[in-house]
Amino acid sequence: MRGAVMYGPGDVRVEEREEPRLVEATDAIIRVSAACVCGSDLWPYRGVEKLGWPVPMGHEYVGIVEEVGAEVETIKPGQFVVGSFWGSDNTCEICRAGYQSACVNRVAMGSLGAQAERLRIPFADGTLVATPEIPPNDLIPSLLAASDVLGTGWFGAVAAEAGPGKTVAVVGDGAVGLLAVLAAKQLGAERVIAMSRRVIAMSRHESRQRLAREFGATEIVEERGDDGVERIKELTDGLGAHSVVEAVGTQESMLQAIHATQPGGHVGFVGVAHSVELPAMDLFWGLVHLHGGPAPVRRFLPELVELIWNRQIDPGKVFDLELPLDDAAAGYEAMDERRAIKALLRP
Ligand SMILES: [Zn+2]
């Protein structure tokens with residue numbers, strides 16, 4: 001089968017890879033309908049993160065189940081499925097608490113390489129959520145978004161306690177940040193009529209700003225760092241936002257998020273932190289709650305799939321480039337140069 005493999009920074013090739021096979025009785029094999037390039041794939045692409053090259057790439061996927069192991073009970077061949085970027089049993093104590101991304105048996109789907117024609121899914125019953133039927137083609141991008149970027153943005157918003165009456169600021173205008181805007185809006189509108197709730201997206205790019213507004217942003221702050229913090233304070237009577245989602249993972253963005261949060265407020269951080277060191281005095285005097293990490297997407301998947309299936313949300317809009325799998329390298333390049341927000345790959 002064909003699959004994307006990274007050989008080093010800036011070097012992605014699509015080549016013949018070994019066909020995946022059932023290894024455990026709890027596995028499934030899916031035919032990948034669509035996969036994509038993640039912002040986190042850009043860290044090794046840019047040489048910031050060293051991997052043991054060459055490595056298969058990709059951890060976001062939707063597809064059709066071809067085969068299941070003897071112990072798989074709920075997932076059936078022929079179903080269309082969405083799964084998280086962590087394989088998880090969904091039965092251990094950590095999973096039952098809603099933290100499937102820290103499952104005691106978790107498997108990083110990235111290690112199996114989802115940018116490929118076929119994919120082995122560990123713990124199929126725990127990892128996958130089936131759609132009610134085979135989806136129409138136009139729903140596939142949104143369902144694929146649920147696999148990571150939507151689920152991650154959603155977790156960021158939940159961790160930041162976005163909700164009715166809250167002013168939510170989102171740091172980062174990548175796909176995750178944009179979908180955290182969507183999540184923040186949904187989390188409020190879902191419960192009560194919004195009061196003075198405001199969603200502020202921090203963005204420098206016009207097409208991203210347009211999408212942020214479409215997803216529910218009421219204001220755009222263009223400044224970064226301390227200036228960005230100042231702007232948020234100006235917009236919030238000098239207090240800071242109740243909820244801030246951090247969706248970048250740098251020193252500047254983390255401090256921006258913490259400093260833009262009002263005392264007693266919540267920071268949900270979902271950008272993969274690289275070389276970030278937080279000054280303890282800032283944390284001490286900030287009086288903010290910090291919660292984040294690799295998103296337990298599986299916790300939210302049933303709800304997200306339903307919202308997408310009923311066309312209540314359209315997170316697939318973050319894909320502004322679609323390529324055949326064989327052109328995966330062009331997708332990495334476009335995202336690296338910020339010409340594309342997110343590239344969808346069709347095997
Ligand atoms: Zn578990």
Fill in the blank from the handout: Residues of the range 54-71 being surrounded by 23 or more Cβ atoms within 10 Å (Cβ to Cβ) and out of contact with any Lys or Arg (no Cβ under 9 Å at 6 or more places or on another chain), in sequence order, are Met57, Gly58, His59, Glu60, Tyr61, Val62
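Yes/no per residue for (1) under 18 Å from the mean Cα position of the chain (by Cα); (2) more than 30 Å from Tyr7 (Cβ to Cβ):
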{"residue": "Val267", "(1), (2)": "yes, yes"}
{"residue": "Pro294", "(1), (2)": "yes, no"}
{"residue": "Leu307", "(1), (2)": "yes, yes"}
{"residue": "Leu323", "(1), (2)": "no, no"}
Exercise for the section: Sort out which residues of the range 273-295 are part of a loop (DSSP other than H, G, I, E, B) and either in contact with a Gly (Cβ under 6 Å, 6 or more places away or on another chain) or at positive phi (or both), and write them in order of number. Expected result: Ala273, His274, Ser275, Leu287, Val288, Gly293, Ala295
Practice task
Of the numbered conditions (1) closer than 30 Å to Val276 by Cα; (2) out of contact with any Lys or Arg (no Cβ under 8 Å at 6 or more places or on another chain); (3) of a type outside the set (Lys, Arg), Ala4 fails exactly one; give the number of that condition.
Solution key: (2)
Practice task
Can you give me the number of residues within the range 103-117 that are closer than 12 Å to Gly63 by Cα and surrounded by fewer than 21 Cβ atoms within 10 Å (Cβ to Cβ)?
Solution key: 1
Fill in the blank from the handout: In the range 320-347, anything outside any strand (DSSP E or B) and in contact with a Ser or Thr (Cβ under 9 Å, 6 or more places away or on another chain) is listed as Asp320, Ile341, Pro347
Fill in the blank from the handout: Heads up, the strands (runs of 3 or more DSSP E) in the range 37-141 (entirely inside) with at least 2 residues that are within 16 Å of the ligand (Cβ to nearest atom) and in the same structural domain as Leu22 (by TED's automatic domain parsing) are 128-130
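The values are calculated or read from the model by the stated rules, or taken from the named source; none is laboratory data. Since this is a predicted model, take the numbers as computed values, not measurements. Because the Cβ atoms are built from the backbone with ideal geometry, glycine has one as well, and the counts that use them run over all protein chains shown.
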